[in-house]
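Read-outs: derived from the displayed coordinates by stated rules, not from any lab. Nothing here was measured: the structure is a model prediction, and the numbers come from that model.
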Amino acid sequence: MRTVHVNTGNPYDIFIERGITGDCGKYIKKLSSAKKVTVITDSNVAKLYLQKVVNSLEKEGFEVKSHIFSAGEESKNLNSISAMYNTLAEFRMTRKDIIVALGGGVTGDMAGFAAASYLRGINFVQIPTSLLAQVDSSVGGKTGVDLPHGKNLVGAFHQPIAVLIDPDTLKTLPDAYFCDGMAEVIKYGCIKDEKFFDRLCKEDARKHIEDVIETCVSIKRDVVSRDERESGERMLLNFGHTLGHAIEKIYNFKGISHGMAVAVGMVLISAAGERAGITQKGTTEKITRLCLKYGLPVSDNASLEQMAQAAAGDKKTEGSSINLVLLKSIGDSFTRKIELCDLLDFIK
């Protein structure tokens, strides 16, 4: 068992242990006096793990209801949230009851937002089953949904009461989904830990996945604990995401995954930093090689003009400017505000 404590306004622990999915009821019983639990998951994860989670919860005496939505980023919208509210209301959930988010990043974001807003806020537990969710999105309390105008434009900060990470769930992931999560893993090396980045280059992350997960969530824990509401340092976690989100928006959140888009975004913004004399020469080549090693794309057919236009609707904009995350070198990151009208010239 590995435990990472997150010291936010509402502190909680991240538990990393193989097989913890099947024992989730015991952990939740210790954390909550809830009578009812609603498990929110997608149609793919439901086939693999829903019954195991329900059985564990019922064994501990919880009354359990499940809500299943269609898998995919395209489901991450307010219509899906409305359907969740209906399930919670029909089940007569109270403020003392609890939601379990079982699945990847989309599930965690939406179930967390439903928990943040239903009855003005109820507790929830994250059980992330994808690498992307385990190393990144399940930690830190960001919840929300997409709008046609952009990604994650509606949401709330709402910390879980626990995160239960089972590395064994990664065994059922198709290679493409594992690669998708590696984009966020690489991001952590880029922004905060050169030694970790070098280890990813020299070794196979799959062979020391528990170390990888613990390193990533520990970095995020440290950042979030210092800046829970993203007013400063937490912006660094968006490295590659401004252009990555723009790419996702261009394709209407279909056909390109979040990790794939972020990988392209990291390469493009690093190259722009090098051209501007901000980023150490050779940094982009290092990131490119590592992304390719883990099956991630490093370019896209969308034009830079399209990306700059799409980025104008990003949630990181402030009036006529946007905050970009740049690197001085691997492991050394910072933010710089740039006028939106200058963004295209900068990335060109």
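Okay, here's what the table says:
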read-out	value
Size descriptor, Kirkwood hydrodynamic radius, that averages inverse alpha-carbon separations across segment 226-304, Å	13.3
Bins of 10 Å from zero: percent of alpha-carbon pairs in segment 111-267	10, 38, 40, 11, 1
For segment 86-203, Kirkwood radius (reciprocal of mean inverse C-alpha pair distance, Å)	15.4
The chain, relative contact order in percent, only Cα pairs under 8 angstrom and at least six apart counted	16
Globularity index of segment 1-118, i.e. its alpha-carbon radius of gyration over 2.2 N^0.38 Å	1.04
Sequence-distant aspartates and glutamates (8 or more away, or on other chains) whose Cα lies within less than 12 Å of Lys65	Glu90, Asp97
Cα pair count fraction exceeding 19 Å, expressed as % - segment 128-181	40
Long-range Cα-Cα pairs in the chain (distance over 35 Å), rounded percent	19
Sequence-distant residues sharing a close amide H with Thr279 (under 5 Å, placed H)	Glu274
Principal semi-axes in Å for segment 175-347 [√(5λ), Cα gyration tensor, largest first]	24, 18, 16
Pairwise centroid distance, computed over Cα atoms, of segment 288-348 with segment 129-199, Å	19
Table column - 3J(HN,Hα) (Hz), segment 71-84, Karplus curve with 6.51, -1.76, 1.60, x for Gly and Pro	5, x, 4, 5, 7, 7, 8, 5, 5, 5, 5, 4, 5, 5
